[in-house]
Amino acid sequence: MSRATLTHHRHEVPHAAKSALLRRTLRRHAAGVTVITVPGPAGFTATSFSSVSLDPALISFCVARGVSVAAAVGRADRFAVHLLGADDAGLAERFARSGVDRFAGTASLHEQGGLPILTSVPAWLTARVVARYPTGDHTLVIGEVDAGGVRADTPALIRHNGDYATSAQLMPPRLLT
């Protein structure tokens, strides 16, 4: 696109409406669904999980400062990220609710030095917290990976347009050489 075309399509938004614009636009972005856990035990559903670096192996997530688990996340020196699969929408919903025991009825739960690990999910990582950054109304948490596991090769649970969906392979997998 030319600069003129980009300028023509740019829409300036008043400050008060930017949050609503961001929320509305991000509903169109498909994101993998995870459950983040910390010692306590405490945990929550998140779509903000991301890899940061391969060397060193760093991962991150964001947590809203006003949610019930924010204090536990702020105290934690370690965390676990559980990548959810197509059959885990109920687990995602339970960890997204406030005012309930999110761990009640969770199958295949064990603790690794006080850190809850949900072993029924397709894949998980644990990490040691190396940095926290207050960012707007959230805190960005970065950790260095120290363990993990892959239990199953299953389609990922994703969040798109306010609903849960699953990933689907569109092209044959590439051979890694």
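Which loop trypsin sites (Lys or Arg not before Pro) in the stretch 48-157, with loop taken from DSSP, have no more than 16 other Cβ atoms within 10 angstrom of their Cβ?
Passing sites in the stretch 48-157 are ARG65, ARG97, ARG151.
Arrange the residues ASP55, ASP137 by how much accessible surface each exposes, largest first, with a 1.4 angstrom probe.
I get ASP55, ASP137, largest accessible area first.
Kindly give the semi-axes, whole Å and largest first, of the ellipsoid equivalent to the stretch 90-177, taking each as the square root of 5 times a Cα gyration tensor eigenvalue.
24, 20, 18
Which value in Å does the Kirkwood hydrodynamic radius of the stretch 26-177 take, with 1/r averaged over all unlike C-alpha pairs and then inverted?
Result for the stretch 26-177 stands at 15.9 Å.
The values are calculated or read from the model by the stated rules, or taken from the named source; none is laboratory data. Nothing here was measured: the structure is a model prediction, and the numbers come from that model. Cβ sites come from the backbone with ideal geometry, for glycine too, and all protein chains shown count toward neighbours. With ligands, DNA and RNA removed, areas are computed over all heavy atoms of the protein, side chains included. Shrake-Rupley method; radii C 1.70, N 1.55, O 1.52, S 1.80 Å.
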